[in-house]
Structure formats: structure tokens, C-alpha cells
Amino acid sequence: MPIEVIMPKVDMDMTAGRIVRWHVAEGAEVEKDAALFDIETDKAAMEVESPAAGRIHHIRAAAGQEIAVGEPVAWLYAEDETLGPAPGEPPADESGSDLSSSVAPSAAEPNPTSRRSAPDSPPADRPLAEAVRASPLARRLAREGGLDLRTVSGTSLNGRISRVDIEAALAADSSRPPRAAPPSRAADAGLSVTRAGGGDSAPFLLIHGFAADSTGWTRLEASLPAGREVVRLDLPGHGRSPRLKVVGFPDLAQAARQAFDALGDGPFHLVGHSLGGAVALALADTRARRVASLTLIAPAGLGPDIDGATIAGMT
């Protein structure tokens with residue numbers, strides 16, 4: 001019997017989640033714990049992994065759509081299972097279409113046999129390179145270096161391509177000009193990033209709270225262990241970062257993720273205070289393999305209530 005892939009509940013008052021993007025296509029073969037899709041709520045963002053190995057079918061929601069907590073998003077079929085209508089859904093009509101065909105049109109085929117013949121084909125509107133498992137930073141570096149991801153072998157978990165793999169591939173091709181050193185700012189998101197110290201150990205990434213900025217960490221930094229780089233991030237509209245248009249927390253988390261991806265593969269020790277704690281938690285949810293530890297100081301976003309009077313007094 002196929003296994004349900006459901007919309008998880010990632011915070012106490014979550015009732016639904018929005019799918020941001022799919023990492024796999026209809027009919028793709030996946031391993032246990034492989035990344036399936038990213039979700040965002042009003043307070044969190046995370047990468048949802050596969051509960052088992054199998055083939056993904058009957059995808060019920062495209063990127064941008066919301067699904068209620070506990071509702072199935074797709075189903076996983078074992079290798080020897082026969083593909084049929086989605087559990088709980090009516091059989092396909094005479095044209096052979098079902099609900100998943102409207103979500104993943106590239107996979108809509110007239111019968112299950114033809115669908116199984118090319119399980120790893122990406123959707124028609126998605127470049128083949130996007131079907132390759134790679135970190136966001138690795139994708140950016142490959143794009144900048146004119147490197148086709150399909151020619152690179154990943155050495156990370158489940159064959160995922162990382163920054164190290166891209167840099168090795170670029171270095172092996174002597175015909176390519178050397179890549180410029182990374183900027184001191186997280187240019188992709190436009191956020192201000194400052195660095196201090198250095199060493200071989202995993203660096204700290206400090207994320208301040210609402211109405212503060214990165215200079216507020218000065219006293220704490222004196223107590224941090226030596227031999228580690230300290231990286232400070234100014235959130236949008238704070239410190240030296242620009243006043244980006246941020247409609248809600250998902251936009252804020254997305255800007256922080258872009259800045260985080262530009263910093264390198266890490267791993268990093270994340271430290272977040274107040275609103276920065278919620279941002280750090282969102283980073284840990286979606287970039288878990290690049291997080292060495294997570295420290296939250298009076299974090300926001302972990303309960304249904306806020307101190308409205310305090311916030312009103314600050315505006």
C-alpha cells in the first residue's frame with residue numbers, strides 16, 4: 001500500500017503550509033530522507049524529507065499552493081507496487097488524466113507503464129540541471145562559472161553537489177578564468193554581513209532581534225571561544241542592510257536564506273536573539289546540513305501570543 005507524504009505541523013498554531021518548491025518530479029525515484037519539497041508558514045520554513053524509499057506519485061499541490069496540516073501532499077509507491085488512482089480519489093477518466101497531471105503536467109502520460117518508463121524526467125518547465133541535487137550555493141557558483149551541474153559528481157549525502165564539488169570541478173578545468181573572491185556582503189540578498197576573527201573551527205553566525213543590529217553582539221563576542229570566525233548578519237531594515245520590502249515572515253526568512261547561502265557551506269553555529277531566533281530556526285529547518293548547532297536566546301515565533309503593547313510602543 002502506498003505511503004502518504006503529509007503536510008507536517010512545524011509550530012504549535014500551524015493549520016496549513018504553503019509549498020515553496022518541489023525538489024523532485026512526479027514519478028521520480030527517491031531515497032529515504034531525500035528532500036522532497038520546501039514549505040513555509042507564517043512562522044517557519046523547512047525542507048520536508050521522504051519518510052521512505054520509493055517512487056513519488058499523485059502530487060496534489062504545486063509550488064505556491066497551501067495544504068492543510070495532516071493532509072496528504074503525495075504518495076510513495078514501493079518498487080513492486082502497481083500504480084493506480086490516488087487513494088481516496090476517483091479513478092482516472094477516459095482520457096487517463098488524474099489530479100496529479102494538473103500539478104505536474106510533464107508527467108501526465110496516458111497509462112502507468114509509460115509514466116514508469118522515465119521516472120527521473122523533470123517537469124517540462126524546469127531545466128534538467130534543476131533536477132540535480134545541489135546546494136543553493138553550489139548552483140550559484142556553477143552558474144557563475146558556466147559549469148553544467150550534470151557534469152559534476154556530488155560527494156555529500158545522497159550524492160548532493162556542494163561548494164567543494166563545484167570548486168574542484170572549476171579548478172580541474174584550466175581553461176576557465178579564476179573566480180573572483182566572494183564579496184564582503186551577502187550580495188544576493190543585499191544584506192550587510194560583517195566578519196571578525198578566523199580559524200579552522202566552524203564559525204558563529206549571529207542574528208540580532210527586532211529593532212536591534214549586529215553591533216549589539218559586542219559584549220557577547222568577548223565570551224565566545226577563540227579560534228573561530230564570527231559572522232554578523234543585519235536583517236532587512238536594520239543596521240547597514242537596505243530597507244527591503246518585507247511583507248511577512250516568509251519574506252524575511254527568504255532574504256536571510258539568500259544571505260546564508262552566500263556565506264559558504266559551513267557548517268555554522270547559529271545564534272539568534274528574539275526575532276533573530278525565529279530566523280535562525282528557519283535557517284536550521286531548511287539548511288540543516290550546514291548548521292553545526294542552534295542557540296536561541298528569548299526566541300520569537302515559538303508560541304501563539306506576542307507582546308502587542310511593547311511592539312506598539314516601539315512604532
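Once the piece of chain linking Gln65 and Ser201 is laid out straight, how much longer is it, given 0.36 nm per residue of separation minus the C-alpha distance between them? Before the final figure, lay out each step's value.
Values: separation 136, 0.36 × 136 = 48.96 nm, distance 4.06 nm.
44.9 nm is the gain from fully extending Gln65 to Ser201.
Among Asp148, Asp261, rank each residue by its count of other Cβ atoms within 10 Å, from fewest to most, as a rough exposure measure. Let's see the in-between values first.
On the way: Asp148 11, Asp261 22.
Lowest count first: Asp148, Asp261.
With each label point set 7 Å from Cα along the Cα-Cβ vector, what nm distance links Ala211 and Ala292?
3.4 nm
What are the ³J(HN,Hα) couplings of region 25-38, residue after residue, when phi is run through the Karplus curve with 6.51, -1.76, 1.60 and θ = phi - 60°? Round to Hz, x for glycine and proline.
Working through the residues one at a time gives 9, 3, x, 6, 8, 10, 9, 4, 6, 5, 5, 9, 7, 9 Hz.
Tell me, what is the FRET efficiency for Arg219 and Asp80 to the nearest 0.05, using R0 = 51 angstrom and their Cβ-Cβ distance as r? Walk me through the numbers before you get to the answer.
Working: r = 61 Å, r/R0 = 1.20.
That pair, Arg219 with Asp80, gives E of 0.25.
Would you order Ile6, Ile297 from fewest to most other beta-carbon atoms within 10 Å of each residue's own beta-carbon?
Details: Ile6 16, Ile297 13.
If I rank by nearby Cβ atoms, fewest first, I get Ile297, Ile6.
Taking the beta-carbon count within 10 Å as an exposure proxy, list Met46, Met14 from fewest neighbours to most. Kindly include the intermediate steps, with their values, before the conclusion.
Numbers: Met46 22, Met14 17.
Fewest-to-most ranking of Met46, Met14: Met14, Met46.
Read-outs throughout are calculated quantities, based only on the coordinates presented, and are distinct from any laboratory measurement. Treat the numbers as computed from the prediction; the structure is a model and nothing was measured. Counting neighbours? That spans all protein chains shown, and the Cβs are built from the backbone with ideal geometry, glycine included.
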